[in-house]
Amino acid sequence: METRGQAGDALNRLGRRGAALAVGLTIALGLSATAASAADKVIFGTNWKAQAEHGGFYQAVAAGIYKDHGLEVEIRPGGPQVNHQQLLAAGKIDFNMSGNNFHAYNYANNKIPMTSVAAMFQKEPQVLLSHPGQGNDKLGDLMGKPILISSGARNSYWLWLKAEYGFTDAQIRPYTFNPAPFLADKKMSQQGYITSEPFAIEKQGGFKPVEHLIADYGYNAYSTLIDTSIKRVKENPDQVKRFVEASILGWVSYLYGDPSAANALIKKDNADMTDEQIAFSIAKLKQHGIVDSGDSLTKGIGAMTDARWQSFFKFASGAGIYPSSLDISTSYTLQFVNNGVGVDLKKKLMAK
């Protein structure tokens, strides 16, 4: 039988244990609060208004993936009057979404200390669209025929089309990002993004256009790259690593999990975006392996290789866009990719 003294000792032990537990809990809560308050605030600029093509980044916000990586991320949508590349160079934003390899080569060519740290799109989503039933079933069939091309495209993939397929400037008709001239002329083709313009044509024209995704014909540029300063890479590599890896997981979750939370944020940032357009874009991203194909299947989304960067530069310098002597080693870094991040998560999500 327990004596009063023994009972007192037991109570004292419980009291001391409870006090220790309370102190431990207080410390833990304090550490959690400190960790939460110490989350790195990061500004990420996109290349256009919010859309499904940015879905993985919005998913990383909506699902708390950035937060789990110690980041408080503000996504700032781009637009016609926004130049996030300049803002990145000026230190006004921390990370930027650039369109393709050309932007990274431009950094080196103009001695701007910025670099690409991940390629979220393995394929450039650039497409040429034609009317069905007009004998334009393959990309090569468009040689010598009129194509609506924007001014910006003339110094990028159009040069590749000229070099690889014999296209000529005489084929060019000015493209103003309006499908009306294309819809009015069955002999006309036009540029576009596989995730966007075909949807508009189907809605307005009532037919599905013939799609020529130039990436499937050998145009091997990366797209939707994450850029940041070389200084940040050197001085805060852990932050860059966390941002890249959280973004990768965001894309895995968006494509293979439930994207509804991200889609809600996209529509909040872009009042013109519809559920129908978003669903179309996601389907195209998956169908054509824009985000996840090739190297990313084993190395993880965001994958890049030296061989591919060098290969595309060989074309770009051969086309006279850059001097062949340009050192592109600062244009990109493989330090934060190719580690298989998200590959196991993808398997789990796809198994559900």
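Is it the case that some residue within segment 298-308 is in contact with a strand residue (DSSP E or B) (Cβ under 6 Å, 6 or more places away or on another chain), in the same structural domain as residue 113 (by TED's automatic domain parsing) and either under 28 Å from residue 87 (Cβ atoms) or in a helix (DSSP H, G or I) (or both)? Yes: segment 298-308 contains one or more residues that are in contact with a strand residue (DSSP E or B) (Cβ under 6 Å, 6 or more places away or on another chain), in the same structural domain as residue 113 (by TED's automatic domain parsing) and either under 28 Å from residue 87 (Cβ atoms) or in a helix (DSSP H, G or I) (or both).
Being in contact (Cβ under 8 Å) with a residue 60 or more places away in the chain, out of contact with any Ser or Thr (no Cβ under 8 Å at 6 or more places or on another chain), farther than 20 Å from residue 53 by Cβ and not in a helix (DSSP H, G or I) is a property that holds for residue 327.
For (1) over 18 Å from residue 347 (Cα atoms); (2) surrounded by fewer than 19 Cβ atoms within 10 Å (Cβ to Cβ); (3) touching a residue at least 40 places away in the same chain (Cβ under 8 Å), each residue gets a yes or a no:
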| residue | (1), (2), (3) |
| --- | --- |
| 228 | yes, no, yes |
| 231 | yes, yes, yes |
| 235 | yes, yes, no |
| 238 | yes, yes, no |
| 243 | yes, no, yes |
| 251 | no, no, yes |
| 255 | no, no, yes |
| 260 | yes, yes, no |
| 267 | yes, yes, yes |
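Highlighted here are the strands (runs of 3 or more DSSP E) found entirely within segment 76-136 that include at least 3 residues which are within 22 Å of residue 217 (Cβ to Cβ) and in contact with a helix residue (DSSP H, G or I) (Cβ under 7 Å, 6 or more places away or on another chain): 126-130.
Considering only segment 145-152, I want to know if a residue exists there that is part of a helix (DSSP H, G or I), at pLDDT 95 or above and of a type outside the set (Ser, Thr, Tyr). Taking every residue of segment 145-152 in turn, none turns out to be part of a helix (DSSP H, G or I), at pLDDT 95 or above and of a type outside the set (Ser, Thr, Tyr). Scanning segment 42-96 for residues that are surrounded by 23 or more Cβ atoms within 10 Å (Cβ to Cβ) and of a type in the set (Gly, Ala, Ser) turns up 45, 50, 52, 55, 56, 60.
Per-residue answers, yes or no, for (1) modelled with pLDDT of 95 or more; (2) part of a helix (DSSP H, G or I); (3) among the aliphatic types (A, V, I, L, M):
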{"site": "248", "(1), (2), (3)": "yes, yes, yes"}
{"site": "265", "(1), (2), (3)": "yes, yes, yes"}
{"site": "280", "(1), (2), (3)": "yes, yes, no"}
{"site": "289", "(1), (2), (3)": "yes, no, no"}
{"site": "334", "(1), (2), (3)": "yes, no, yes"}
{"site": "341", "(1), (2), (3)": "yes, no, yes"}
{"site": "349", "(1), (2), (3)": "yes, yes, yes"}
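Pairing each residue of segment 58-69 that is within 11 Å of residue 251 (Cα to Cα) with any residue that is in a loop (DSSP other than H, G, I, E, B) and not aliphatic (A, V, I, L, M), provided the two are 6+ apart or on different chains, yields C-beta distances under 7 Å for 59/259.
Within segment 201-235, the residues that satisfy the criterion of being more than 25 Å from the chain's Cα centre (by Cα), of a type outside the set (Gly, Ala, Ser) and assigned to a loop (DSSP other than H, G, I, E, B) are 207, 208, 209.
When segment 173-200 is filtered for residues that are farther than 14 Å from residue 281 by Cβ, among the hydrophobic types (A, V, I, L, M, F, W, C) and in a helix (DSSP H, G or I), the ones remaining, listed by number, are 180, 182, 183, 184.
Residues are listed down the side, and each one gets a yes or a no for (1) within 13 Å of the chain's Cα centre (by Cα); (2) at pLDDT 95 or above:
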| position | (1), (2) |
| --- | --- |
| 6 | no, no |
| 25 | no, no |
| 46 | yes, yes |
| 52 | yes, yes |
| 67 | no, yes |
| 92 | no, yes |
| 96 | yes, yes |
| 112 | no, yes |
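The values are calculated or read from the model by the stated rules, or taken from the named source; none is laboratory data. Every value quoted in this text rests on a predicted model; they were computed, and no experiment measured them. Here Cβ is always computed from backbone atoms with ideal geometry, including for glycine, and neighbour counts include all displayed protein chains.
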